[in-house]
Amino acid sequence: MHEPVIDLHTHTVFSDGTTTPEENARLAAAAGLAGIALTDHDTLDGWERMAAACAKARIGFVPGLEFSTELEPGGRSVHILGYWPDPDDRPLREECDRLRTERERRARAMVDRLAALGVAVAWARVAEIAGGAPVGRPHIAAAMVEAGAVPDLEAAFDEFLADGGPAWVPKHALAPEAGVALIRQAGGVAVLAHPGSTFPLETHRREVDAVLDLLQEAGLAGLEIDHPGHDEGVVAAWREIALERELLSTGSSDFHGDRKAARIGECTTPSGVVRRLYERAAHAREEDLAWLARQSD
Ligand code: AMP
Ligand code: ZN
Ligand code: FE
Ligand code: FE
């Protein structure tokens, strides 16, 4: 029998995905997955519904989040995935609140810049599209497409919103090692998301080694190796780095509903790796792994 697999990185309407937790759980069950993680950006708000939906779909649930950190202010964006942090942890909650507030301030500033560039999108519409989720550039891009200012999301980024673009405004962000430390102190487990999309190895090998040294000192547990944004060469190169550094290798779809092409279950993590990740969570309890054990029978 094949080892059961889990998709360890998916988004919903609680951040910048277009699907509900119920839809993600249903899609995961339909794809034959043993479980699925919810890793919305900067928020734990979707956990409760996702837990209920996974129970109903009879699959396991891995509670998580994704922090967008930055190497230096306005610099390279480094995404950190956190799994099983204590949802009542004060510093973690405070940082999520701060990120949400700062995201709104920044999104308003980007809407102002667009207006100055002759692109009229209403802040009220952007907020409506975000629907209470922490506001991100994809929400602004969606409002731009809707207003007929650009043909599609890609054009919105290419012409206006991409890092350093004419309407781009940097956002408050932690340093990557602070993101890992925050997850660790909340009892969670940290994994570096899509490293291949973040660091081109040909040109940035020295930078990568320096960053990974820092992240591992802060307690990094793994690298997201299998990801729709990584081609075969990238996967092979990063798998080797994971082995050298004794980091766990995960896989996930980074599903965003209609906002990205990836489908749930496109890339996955074997249950044995999920078990080893979970064993590094502060509050790991054998009974929490029941769904994993059941799947392997
Ligand atoms: P934000 O968190 O507001 O900085 O927005 C980041 C999100 O925008 C990422 O998670 C991606 O989903 C999306 N994004 C960033 N750059 C691009 C791009 N060049 N094209 C399409 N989507 C992008
Ligand atoms: Zn996203
Ligand atoms: Fe990401
Ligand atoms: Fe993501």
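The values are calculated or read from the model by the stated rules, or taken from the named source; none is laboratory data. Quick caveat, the model's predicted, so the values are computed rather than measured. Virtual Cβ from ideal backbone geometry, glycine too; neighbours counted across all protein chains shown.
Mind listing whichever residues of the range 172-194 are away from ligand 3 (no atom under 14 Å from the Cβ) and either among the aliphatic types (A, V, I, L, M) or crowded, with 23+ Cβ neighbours inside 10 Å (or both)? Before the answer, list the steps.
Step one: filter the range 172-194 for residues away from ligand 3 (no atom under 14 Å from the Cβ), giving 172, 174-175, 177-178, 180-189.
Those that are away from ligand 3 (no atom under 14 Å from the Cβ) and either among the aliphatic types (A, V, I, L, M) or crowded, with 23+ Cβ neighbours inside 10 Å (or both): LEU174, ALA175, ALA178, VAL180, ALA181, LEU182, ILE183, ALA186, GLY188, VAL189.
Just one of ALA127, ALA115 is buried (at least 16 other Cβ atoms within 10 Å of the Cβ), at pLDDT 95 or above and over 22 Å from PHE255 (Cβ atoms); which is it?
Details: ALA115 fails: buried (at least 16 other Cβ atoms within 10 Å of the Cβ).
So the residue among ALA127, ALA115 that is buried (at least 16 other Cβ atoms within 10 Å of the Cβ), at pLDDT 95 or above and over 22 Å from PHE255 (Cβ atoms) is ALA127.
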Could you tell me whether any residue of the range 198-216 is among the small types (Gly, Ala, Ser), closer than 16 Å to LEU81 by Cα and either touching a Leu at 6+ places or on another chain (Cβ under 9 Å) or more than 16 Å from ligand 1 (Cβ to nearest atom) (or both)? no
Being within 16 Å of ligand 2 (Cβ to nearest atom) and of a type in the set (Gly, Ala, Ser) is the filter here, so list the residues in the range 249-282 that pass it. SER252, SER253, GLY257, ALA261, ALA262
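Can you name every one of the strands (runs of 3 or more DSSP E) wholly within the range 1-77 that holds 2 or more residues which are among the acidic types (Asp, Glu)?
Those strands (runs of 3 or more DSSP E) span 60-70.
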Just to check your reading of the model, which residue among HIS139, HIS79 is within 16 Å of ligand 4 (Cβ to nearest atom) and farther than 24 Å from ALA28 by Cβ? HIS139
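In this structure, is THR198 of a type in the set (Val, Ile, Thr), within 16 Å of ligand 2 (Cβ to nearest atom) and within 14 Å of the chain's Cα centre (by Cα)?
Working: of a type in the set (Val, Ile, Thr): yes; within 16 Å of ligand 2 (Cβ to nearest atom): yes; within 14 Å of the chain's Cα centre (by Cα): yes.
Yes: the conditions hold for THR198.
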